[in-house]
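What follows is a short report on a single structure.
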Amino acid sequence: SASLSVTRQISDMGPNLLLVLPGIERHGMGVTPSSATNFELADARAMSDQVPGIVVAPTASTRATLVQGSGSYATTVTGAGNELLEVRNLELAQGRAFEMRELGGAAVCIVGQTIVDELYGGGAAGGGREPLGSTLRVDRTPCQVIGVLASKGQALGMNQDDVVLMPLAAVQRRLIGDDDVSTIYVSALEEGTTHQIKAELETLLRKRRGMRGDEENDFYVRDMQEIADALSATTATLTALLGTIAAVSLVVGGIGIMNIMLVSVTERTREIG
């Protein structure tokens, strides 16, 4: 049951998902991003053109304060295209996705259920205000809400409903002030191909970033399936541990019950005959 729960949470985050991030990954020591430069939009285009069987969604994220009416809420705003909806397995409960003309940098946004609960009182269905068509101020940028995402809940300790999506160009120009891409989401179209695609992406990025054969990567590709396998292995270890504890408990309990029964019969031997 625990293993199935982990697998389900990974699948909810996106089918066959890989994350491409800048930084030097130190095993057991986290990530060192100090000397690593962010990606460019051209890197994501090269991935899509040169690596077959994938969907690529470049993103740029920043912290921002949302203001609607008299309420405010601090969260992470993500700039992306409609590809992120497919890659992250996000569905619209209301409204629509971005139109082609809006992807050039229009101030429109799609919000998750947590934003609706915090700033709109749960939305019209929950007795609050209707988010669709309203103006949500993101820092100093007025943004029209065009869509509301279906609720997805928690996955690996992260609230998947605490999300605000804007067109990538809008976040880069209006909120961040540069054209960098901080994270690239990649979804493999076929099951069981993430390991091969990971190797191809690493080869492509090393070439594009001008890295020599003995030079350490200043980026890393994280395969969510590998995380799922590691968590499943941990779950199996805990299952074996709990099984051992349960077996010891049964043996000790059985000995105790046996002794009580023995004493009960022994002290009544004269009565039983």
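Tabulated values for the structure
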| quantity | calculated |
| --- | --- |
| Condition check for Arg137: within 17 Å of Ala64 (Cα to Cα), in a helix (DSSP H, G or I) and open to solvent by 60 Å² or more (accessible area, probe 1.4 Å) | no |
| Pair list, Cβ under 9 Å, 6 or more apart: region 193-206 residue closer than 17 Å to Asp218 by Cβ and free of Cβ contacts under 8 Å to residues at least 40 places away in the same chain, other residue open to solvent by 20 Å² or more (accessible area, probe 1.4 Å) and not in a helix (DSSP H, G or I) | Glu202/Asn217; Glu202/Tyr220; Arg206/Arg212; Arg206/Gly213; Arg206/Glu215; Arg206/Asn217 |
| Counted residues, region 97-108 - those being at pLDDT below 95 and in a strand (DSSP E or B) | 0 |
| Residues that are out of contact with any Pro (no Cβ under 9 Å at 6 or more places or on another chain) and buried (at least 19 other Cβ atoms within 10 Å of the Cβ), drawn from region 175-196 | Leu175, Val186, Thr194 |
| Elements of type strands (runs of 3 or more DSSP E) contained in region 33-96, each with 2 or more residues being crowded, with 19+ Cβ neighbours inside 10 Å | 54-68, 71-80 |
| Residue within region 118-132 that is out of contact with any Phe, Trp or Tyr (no Cβ under 8 Å at 6 or more places or on another chain), among the charged types (D, E, K, R) and modelled with pLDDT under 95 present | no |
| Residue satisfying condition, being touching a helix residue (DSSP H, G or I) at 6+ places or on another chain (Cβ under 9 Å) and part of a helix (DSSP H, G or I), within set Leu165, Leu204, Leu175 | Leu204 |
| Residue list for region 109-124, restricted to those being outside any loop (DSSP other than H, G, I, E, B) and within 12 Å of Gln94 (Cα to Cα) | Ile110, Val111, Gln113, Val116, Ala124 |
| Test: residue in region 222-238 that is surrounded by 13 or more Cβ atoms within 10 Å (Cβ to Cβ), assigned to a strand (DSSP E or B) and touching a strand residue (DSSP E or B) at 6+ places or on another chain (Cβ under 9 Å) | yes |
| Region 43-67 residues that are over 28 Å from Arg140 (Cβ atoms), paired with ones that are open to solvent by 10 Å² or more (accessible area, probe 1.4 Å) and of a type in the set (D, E, K, R) (beta carbon under 7 Å, 6 or more apart) | Asp43/Arg208; Ala46/Arg208; Val51/Glu200; Gly53/Glu190; Val55/Glu83; Val55/Glu86; Val56/Glu83 |
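The values are calculated or read from the model by the stated rules, or taken from the named source; none is laboratory data. Model, not experiment: these values are computed from the prediction. All Cβ positions, glycine included, derive from the backbone under ideal geometry; neighbour counts span all protein chains shown. To get the accessible areas, we keep the full protein, side chains included, count just its heavy atoms, and leave off ligands, DNA and RNA. Shrake-Rupley method; radii C 1.70, N 1.55, O 1.52, S 1.80 Å.
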